[in-house]
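Novice: Here it is, the structure, as C-alpha cells.
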Amino acid sequence: MTALTRAAAAADRAQHIRQRADRPSQRRCAEAPAARATVRATLSGVQLRESGDGGTLEFVGQATVYEQAYEMWDMFGPYTEVVSEGAGADSLARADLDVPLVLGHDQLRRLARTTNGSLFLTESATGLDVRAPALDPADYDVAYIAPKLRAGLVDEMSFAFRIESGQWSPDYTEYRINRYDIHRGDVAIVGYGANPYTTSTLRQPAAATQSSRARALLEIALAR
C-alpha cells in the first residue's frame, strides 16, 4: 500500500468523521470488504509440552500485543491501529467473563473456555496473555492442531472483541483502542495475521521432561 493511498484515505477520513472518538466504520483486517474485523497477532516461540503422565497439553500464547502498530482498513482505506496497554482490564475483570479458545474463530471448534476454568486470560505489559493448562489430546481439535503447532505450520493468534473506547490521531492515520470488551468474543489460533509481535506456546506442565519440548517461531496481527 503506497503512502499516497494511505494519505488519501486519511484525508477522506478527516472530512467525513465527525469527531476523533468515533470508531472506525467498516473496520476490517484486510482490504477486501468481506474481511473480518478481528485483530491477529503473530506468535513467536510456540512450544508444545506434555504433562508428566502424558495426559494433557498446556497452551500458552498472546492473542494481541499492546503498543505495537498494525495495519487495518475502514471504509476510507488503510490505517494503523494500536491497542493501549491495559485496554482489556475492565472486561477481563468481569465475574461472568465468557471467552473460548477456538480454531480459526469457529465457535464450534472450542479447545477451552473461561466459564469452566479451562482457559485463563490476563493482561501483561506487552499484551493479552492466554493460558489453557490442560487441553485433552484426545479431543479432535487438539489432536488436529498440536502437530501443526509443533511443526510451525500454524503460528498466529487473533482475538475477537468489541471496541468500547478509542481515538483517532490528529491526522487520522492511526486509531488507538483505549478500551475493548472481549466478553462473548474469542481468542483464536489462526493461519495468518496482521500484528507481527505476539507469542504463543503449547507446552507441557513443569513436571514433564524437557526432552518433550518443541519450539517453533511464530508471527500475528492482534485479533484486532
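The values are calculated or read from the model by the stated rules, or taken from the named source; none is laboratory data. Bear in mind that the values here come from a model prediction, so they are computed numbers and not experimental data. FYI the Cβ positions are ideal-geometry reconstructions off the backbone, even for glycines, and counts take in every protein chain you see.
Novice: Quick one: which residue in Ala132, Ala151, Ala146, Ala112 is hydrophobic (A, V, I, L, M, F, W, C), farther than 30 Å from Asp74 by Cα and modelled with pLDDT under 90? Let's see the steps before the verdict.
Specialist: Numbers: Ala132 fails: modelled with pLDDT under 90; Ala146 fails: modelled with pLDDT under 90; Ala112 fails: modelled with pLDDT under 90.
When all the criteria are applied, what remains is Ala151.
Each row is one residue, and each column tells you yes or no for (1) surrounded by 16 or more Cβ atoms within 10 Å (Cβ to Cβ); (2) assigned to a strand (DSSP E or B).
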site: Ala138; (1), (2): no, no
site: Phe159; (1), (2): yes, yes
site: Gly166; (1), (2): yes, yes
site: Arg184; (1), (2): no, yes
site: Val187; (1), (2): yes, yes
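Novice: Kindly list, by first and then second residue, each pair from a residue in segment 9-31 that is at positive phi and surrounded by fewer than 16 Cβ atoms within 10 Å (Cβ to Cβ) to a residue that is part of a loop (DSSP other than H, G, I, E, B) and not hydroxyl-bearing (Ser, Thr, Tyr), limited to pairs with Cβ atoms under 6 Å and residues at least 6 apart or on different chains.
Specialist: Gln26/Met75
Novice: Residue by residue through segment 70-84, note down the ones that are surrounded by fewer than 16 Cβ atoms within 10 Å (Cβ to Cβ) and outside any strand (DSSP E or B). Lay out the reasoning, then the answer.
Specialist: First, the residues of segment 70-84 that are surrounded by fewer than 16 Cβ atoms within 10 Å (Cβ to Cβ): 75, 80.
Passing the criteria: only Met75.
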